[in-house]
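Report on one structure; see the data block that follows.
The values are calculated or read from the model by the stated rules, or taken from the named source; none is laboratory data. Note that the structure is a prediction, hence the values are computed from the model and not measured. Reconstructed Cβ throughout: ideal geometry from the backbone, glycine too, with neighbour counts over all protein chains shown. The area values use the complete protein model at the heavy-atom level, side chains included, leaving out ligands, DNA and RNA. Shrake-Rupley method; radii C 1.70, N 1.55, O 1.52, S 1.80 Å.
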Amino acid sequence: VVAIVDGQRESLARGGQILVPPRFVAQLRAGAELGTLMDELLGTSNIKQKQGAIGYLTGGLITRESALNDVFCRALAPFLHAELYEG
């Protein structure tokens, strides 16, 4: 989820979703962080700031950066075309 706020307006956008491995579900519902769980399972370090879960789970087809850029652009739409979003 991305929020853009300029002091007068705000816009929220949500990106695509991906199923997380079933073995993580209970721990995530209990408040664990996906990046930490993946690091433990994969033996990686700080995956959330490198390829991210999306990068790993899609085999690099969707990069962490491209996923975040997509959501940011969606949130930006009401600022680019304010006249369509007023009222």
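Computed over protein heavy atoms with a 1.4 Å probe, the carbon and sulfur contribution to the accessible area of the chain reaches 55%.
Segment 73-87 and segment 11-58 have Cα centres separated by 30 Å. Take every pair of alpha-carbon atoms less than 8 Å apart whose residues are at least six positions apart; their mean separation over the length of the chain yields a relative contact order of 30 percent. How many percent of the alpha carbon pairs in segment 2-84 exceed a separation of 16 Å? Value for segment 2-84 (Cα pairs over 16 Å): 61 percent.
Counting only Cβ charges, +1 for Lys and Arg and -1 for Asp and Glu, the dipole size of the chain around its Cα centre is about 340 debye. With all protein chains kept in place, the per residue accessible area of the chain amounts to 74 square angstrom at a probe of 1.4 angstrom.
Look at the dipole of the chain built from charges on Cβ: of VAL1, LEU42, LEU76, the Cα furthest out on the positive end belongs to LEU42.
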